[in-house]
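Remarks on the structure that follows.
The values are calculated or read from the model by the stated rules, or taken from the named source; none is laboratory data. As the structure is a prediction and not an experimental result, all values here were calculated from the model. Positions of Cβ are generated from backbone atoms using ideal geometry, with glycine treated the same way; all protein chains shown enter the neighbour counts. Heads up: the accessible areas ignore ligands, DNA and RNA and are worked out on the full protein's heavy atoms, side chains in. Shrake-Rupley method; radii C 1.70, N 1.55, O 1.52, S 1.80 Å.
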Amino acid sequence: MVEAQSWTTRRSSNPRLETSVDIPTTPTGEVRYGTSNNIFAALSVTSIVSPTILTALIIASWYLSNIGVLLLNKYLLSFYGFRYPIFLTMLHMISCTIYSLIAIRWFQIVPFQHILSRKQFFKIFALSAIFCFSVVCGNTSLRYLPVSFNQAIGATTPFFTAIFAFLITCKKESAEVYFALMPVVFGIVLASNSEPLFHLFGFLMCVGSTAGRGLKSVVQGLLLTSDSEKLHSMNLLLYMAPMAAAILLPFTLYIEGNVFGKTLEKAKSDSFMVFLLIGNATVAYLVNLTNFLVTKHTSALTLQVLGNAKAAVAAVVSVMIFKNPVTAMGISGFAVTIMGVVLYSEARKRSKVTVH
């Protein structure tokens with residue numbers, strides 16, 4: 001590992017950024033339309049590689065991109081000493097904007113959609129603001145909490161989604177669904193009581209970040225409900241990313257100071273940092289792209305199941321790489337939380353089948 005040259009960070013911290021714009025997955029049928037002018041379709045990848053192998057490669061890429069951005073963020077923010085998580089997140093959003101333009105307008109992976117009204121614009125801006133709140137809270141928490149514990153708290157997103165859905169839309173789930181949320185909360189209580197690096201402020205910030213993701217999911221369903229306002233997930237990313245970057249700009253200038261000048265000064269003496277930042281921002285976009293591709297080649301439900309497993313995989317990798325201490329009770333609490341999330345997903349699926 002490269003030692004920090006002129007910048008230092010907390011030795012016990014495990015920084016990680018919320019790089020993925022947490023957008024609801026798109027149903028498989030919707031993402032397969034409009035492929036007649038698609039350059040990817042013209043390449044006929046499926047005629048070269050079998051569908052099973054292609055799906056496996058896409059899922060592997062999804063896992064690698066998620067874990068890869070975690071490791072790159074850790075290396076930059078801890079070992080390399082780049083102490084500007086908000087600025088790094090803004091770079092991720094700029095990267096998502098550029099790559100989304102290339103993917104949609106050039107490669108045409110999905111049909112381009114316009115913002116049709118000022119009202120729709122402000123709705124998307126509101127979603128971007130909620131996302132930024134979640135990111136700022138999450139990045140702040142990671143100065144105090146290890147990645148593994150952060151992943152455990154993040155797994156409770158369904159709990160906050162259900163709570164906000166009830167408070168904002170008065171939407172009630174079945175008793176089975178609410179019962180399945182009990183182990184989600186119990187597991188976090190168990191893990192918190194046995195976390196060696198527990199920090200109250202960091203814990204509250206992480207809970208705020210997780211709640212922000214749940215709130216965004218509910219608000220998006222509430223704001224973009226009409227057929228004329230619905231945006232494909234990749235188009236929504238295209239519009240949200242620059243808005244999020246604009247919102248994050250004053251935060252990074254106020255909280256992190258002259259970050260632009262410091263970064264340029266560092267880059268002049270160390271060109272490797274430029275490579276790291278570009279690579280990190282690119283992988284951040286791949287998280288969103290592979291998220292879409294997994295949904296397209298499997299289903300939204302499969303992505304949800306893979307997401308449950310991803311939290312456990314990321315936690316294990318973080319412990320292996322970053323060597324943060326864990327306890328048997330903490331592992332048990334995380335396992336209970338993941339089990340609760342799985343039960344919740346199954347209960348919601350059965351509830352929807354019963355309704356229909």
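Considering only protein heavy atoms and a 1.4 Å probe, what is the carbon-and-sulfur percentage of the accessible area of region 160-238? The computed percentage sits at 72.
Taking all protein chains as they are arranged and a probe of 1.4 Å, the heavy atoms of L54 leave approximately 30 Å² accessible to solvent. Here the Karplus relation 6.51 cos²θ - 1.76 cosθ + 1.60, evaluated at θ = phi - 60°, turns the backbone of region 260-266 into coupling constants of 5, x, 5, 5, 5, 4, 5 Hz, with x for every Gly and Pro. Length gained on full extension, L264 to A246: 4.5 nm, using 0.36 nm per residue less the C-alpha separation. The 3J(HN,Hα) values that the Karplus relation (6.51, -1.76, 1.60; θ = phi - 60°) gives for region 105-121 are, in residue order, 7, 9, 7, 6, 5, 9, x, 6, 10, 8, 6, 8, 7, 5, 4, 5, 4 Hz. Gly and Pro appear as x. Is the shape of region 76-229 best called rounded, prolate or oblate, per the rule: a/c under 1.5 gives rounded, else a/b larger than b/c gives prolate, else oblate, with a ≥ b ≥ c the square roots of the Cα gyration tensor eigenvalues? Oblate, because a/c is 1.5 or more while a/b does not exceed b/c. Rg/Rh for region 208-356 (Cα atoms only, Rh after Kirkwood) is 1.02.
Rolled with a 1.4 Å probe across the full set of protein chains, the surface gives K349 an accessible area near 80 Å².
Cross-link partners for K262 among the lysines, with Cα-Cα distance under 21 Å and sequence neighbours closer than 8 places in the same chain left out: K74. Taking all protein chains as they are arranged and a probe of 1.4 Å, the heavy atoms of E265 leave approximately 130 Å² accessible to solvent. Size of region 133-172 from its Cα atoms: along the principal axes, largest to smallest, the extents are 36, 19, 10 Å. With the Cα gyration tensor of region 160-224 giving a ≥ b ≥ c as the square roots of its eigenvalues, does the rule (a/c under 1.5 for rounded; else a/b larger than b/c for prolate; else oblate) give rounded, prolate or oblate? Here region 160-224 falls in the oblate category. Take region 146-193 with all the other protein chains still there, run a 1.4 Å probe, and you get 45 Å² of accessible area per residue. Solvent exposure of region 237-356, expressed per residue, is 49 Å² of accessible area, with all protein chains present and a 1.4 angstrom probe.
Within the straight-line cut-off of under 19 Å between alpha carbons, the lysines reachable from K230 are K119, K123, K216, K296, sequence neighbours fewer than 8 places apart in one chain being disregarded.
At an R0 of 25 angstrom, the distance between the Cβ atoms of I48 and R105 translates into a FRET efficiency of 0.45.
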